[in-house]
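Have a look at the structure below, then the notes.
Derivation of every value follows stated rules applied to the coordinates shown; laboratory data play no part. Being a predicted model, the structure only gives us computed values, none of them experimental. With ideal geometry, Cβ positions are generated from the backbone for all residues, glycine too; neighbour counts draw on all protein chains shown.
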């Protein structure tokens, strides 16, 4: 379709029409598209600039923003304007970046900024997938070199069936949420959160997603054929002679340095190679036409990576001396800190996660306000990566995108084994402090987090462990390696993280350095990760065989009671008077749901129980024929009004105050007196008739017998 310079392509994907349009909006960008799915619309654009002088990396920046007007909402907070990105926006930025970055050519150093923004949200279709598709389309039709197109989709698993791009409602019933990205040949990103599904369910879900990815890629290629710009980039000249020279001079030194098992010693030996090379190739007496130090350093990095890969593929030995399937030594410890609600230390080789659990009440839930309806979270996992964990000096600043992403992955891995709020009504916060890092600290956070939950007495359904799998490829061969080091992540082809229980997978995250991997490698990786996961779980269960039976004495005690919703007003009282009196008298916090469920939290068990007793008293039904201890609230000429239950009064007529004749009510009772009264009747309007005389006679008779 083409109208006045506008071009669009569309196809039915997942039962709805996906439309990609260009030429109408943001025409000054290098590439811009309008992506529509249902009534959700996302604008995606890319701009580029000349490389900064001396830059030695690809400066790709990705931004994703959900405009609240898209859903007809105002931004929350005092300033009615979108401010810093939410966690959902940051996670989406990462999902856009991860499958695109490997598809830019090596040596490309131009500034690239991808901006995506949600302009309309129908509250049925998640706009993040549209942003991922649109970002790829914008780059594909631009002049920027790119070996795409790529595409993305979401897959749900409901009642044994896969659903493509499920609605928000369908996701609520799904056993698995999967986001897959790739191109027409292979997959290059996977993100999964699941309720203990099998490896086969995940693998088949990826294959199901790839069919849709191929179809979307065909759409983008069709649009590129109509409006695609000529790619405007010349690859840097090859430096084969310099590369051969550097290999001769430094290759053996790299090989020897890479045989040192300890991280710090190994890094020091490798750093010495680079320092000597810099002294030789970055000196002032170098000829004017000599290669820059950045070029030399890049070539050394390539040589180092090839040496690591060659040793893995040919000798099946890794940098720290392990075999391909060896997992580093594991140590687990729980109950380390005295005052926190739960704590653990998980050490795997030179990677160490220190995890702490905090238990709170409903008032501690995190309120999330986005395009969809506001909701609250009862479980959150926060991941911190301080510079001390790598022994480096770095600037301290705000939480990084990487920290948010790793925390989200660990949170997904654990949330599916948590008990329901009915069984365990606490709000749970886990914090993973990475104290040492040499690869896969997010998987260590999952293991440590599981142990910290168990130490806090959280009755999880199953323990969870995580492991990362890497890959090296050369000359048509590939080797998978378990429990990868940081350098194996850097020089290898992939970082494939899998977490789960003995029953199945709860989380997956795949990132690639290369173009993509096949379905066969995905299946091979999942099988290998399962074997490793079982071994790690055995080590963890030696330290903590099961969750503690009781929560920490320093954690709040939460008791619940269910009352008739029509009686909630009694618990609250006029102007909140009664609920305030409960909290003041017991030190407890009382939280009331509209369905009549009341949660009482208190640092002491006795305070929580006393608050429950007060709630039950105020909501109890007054029964005819029962004797109560009541408080005289007011006096009239004809009788006394007596409170037999909090907020519930009855009338004791003057004739029912005593066996003797009573001339004046105040001769028998005074305001504030506690008296025993019997309920004689309750009329159809709820008015209660009481008798002090009848109560006295009944109790006297009972005492006599």
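To the nearest 0.05, how large is the calculated FRET efficiency for residue 230 and residue 259 if R₀ is 41 Å and r is the Cβ-Cβ distance?
Here the calculated transfer efficiency is 0.30.
Could you check the simple spin-label distance between residue 388 and residue 636, using points 7 Å along Cα→Cβ, in nm with one decimal?
In this crude spin-label approximation the distance works out to 7.2 nm.
How high is the relative contact order of the chain, in percent, counting Cα pairs under 8 Å that sit 6 or more residues apart?
10
So what's the back-of-envelope 222 nm ellipticity for the chain, counting only DSSP H runs of four-plus at -39500 (n - 2.57) apiece and dividing by all residues, rounded to 500? Kindly include the intermediate steps, with their values, before the conclusion.
Working: 15 runs with 222 residues, N = 705.
Mean residue ellipticity at 222 nm (helix-derived): -10500 deg cm²/dmol.
Assuming R0 = 30 Å, can you tell me the calculated FRET efficiency for the pair residue 566 and residue 363, based on Cβ-Cβ distance, to the nearest 0.05? Working shown, then result.
Values: r = 25 Å, r/R0 = 0.82.
Efficiency, rounded to the nearest 0.05: 0.75.
Modelling each spin label as a point 7 Å along the Cα-to-Cβ direction, I'd like the residue 185/residue 159 distance in nm, to one decimal.
4.1
Arrange the peptides 299-309, 353-363 so that the one whose residues have, on average, the most other Cβ atoms within 10 Å appears first. If you can, show how the numbers build up before the last one.
Values: 299-309: 19.4, 353-363: 21.9.
Top to bottom by mean Cβ count within 10 Å: 353-363, 299-309.
If I stretch the segment between residue 550 and residue 268 completely, what's the gain in nm (0.36 nm per residue apart, minus their alpha carbon distance), one decimal? Don't skip to the answer; put the middle values down first.
Values: separation 282, 0.36 × 282 = 101.52 nm, distance 4.78 nm.
Full extension of this stretch gives 96.7 nm more.
Helix 577-586 versus the longest principal axis of the chain: what angle, 0 to 90°, nearest 10, using Cα atoms?
80
Could you give the Stokes-Einstein D for segment 377-514 in µm² per second, using the C-alpha Kirkwood radius, 10 °C, 1.306 mPa s?
In µm²/s, the coefficient rounds to 99.
Taking the Cα atoms only, what angle lies between the long axis of helix 127-141 and the longest principal axis of the chain, rounded to 10 degrees?
It works out to around 20 degrees.
Calculate, axis by axis, the spread of Cα positions in the chain along the three principal axes, and write the results as whole Å, longest axis first.
Computed over the Cα atoms, the extents are 123, 65, 50 Å.
Along the Cα-to-C-beta direction of residue 168, a point sits 7 Å from the Cα; which residues of segment 122-140 have their amide N less than 11 Å from that point?
Residues 122-127 qualify, since their backbone N sits under 11 Å from the label point.
For residue 400 and residue 79, calculate 0.36 nm times their separation in residues minus their Cα-Cα distance, and state this gained length in nm to one decimal.
Details: separation 321, 0.36 × 321 = 115.56 nm, distance 2.39 nm.
Answer, rounded to one decimal: 113.2 nm.
Residue separation times 0.36 nm, minus the C-alpha to C-alpha distance between residue 584 and residue 241: what's the value? All intermediate terms of the calculation are to be shown ahead of the outcome.
Numbers: separation 343, 0.36 × 343 = 123.48 nm, distance 8.18 nm.
Separation in residues times 0.36 nm, less the Cα-Cα distance, equals 115.3 nm.
Once R0 is set to 35 Å, what does the formula 1/(1 + (r/R0)^6) return for the Cβ-Cβ distance between residue 67 and residue 462, expressed as a FRET efficiency to the nearest 0.05?
Details: r = 41 Å, r/R0 = 1.16.
The pair residue 67/residue 462 has a calculated efficiency of 0.30.
Ranked by Cβ crowding within 10 angstrom, fewest neighbours first, how are 682, 627, 467 ordered?
682, 627, 467
Between segment 123-138 and segment 60-111, how far is it from one alpha carbon centroid to the other, in angstrom?
Going from one Cα centre to the other spans 11 Å.
Cut-off is 10 Å between beta-carbons; in what order do 126, 159, 326 appear when sorted fewest neighbours first?
Numbers: 126 24, 159 8, 326 14.
Result, fewest neighbours first: 159, 326, 126.
Relative contact order of segment 165-291, please, whole-number percent, based on alpha carbon pairs below 8 angstrom and at least 6 residues apart. Walk me through the numbers before you get to the answer.
Numbers: 59 pairs, mean separation 17.6, N = 127.
In percent, rounded to a whole number, it is 14.
So what is the relative contact order of segment 540-650, in percent, for Cα pairs below 8 Å that sit 6 or more residues apart? Write out the running numbers ahead of the final one.
Details: 139 pairs, mean separation 26.3, N = 111.
Over segment 540-650, the number comes to 24 percent.
Hey, fewest Cβ within 10 Å first, where do 518, 696, 198, 432 land in order? Numbers along the way, then the final one.
Details: 518 12, 696 18, 198 15, 432 30.
Going from least to most buried by this count: 518, 198, 696, 432.
Modelling each spin label as a point 7 Å along the Cα-to-Cβ direction, I'd like the residue 603/residue 659 distance in nm, to one decimal.
Distance between the two pseudo-spin positions: 5.3 nm.
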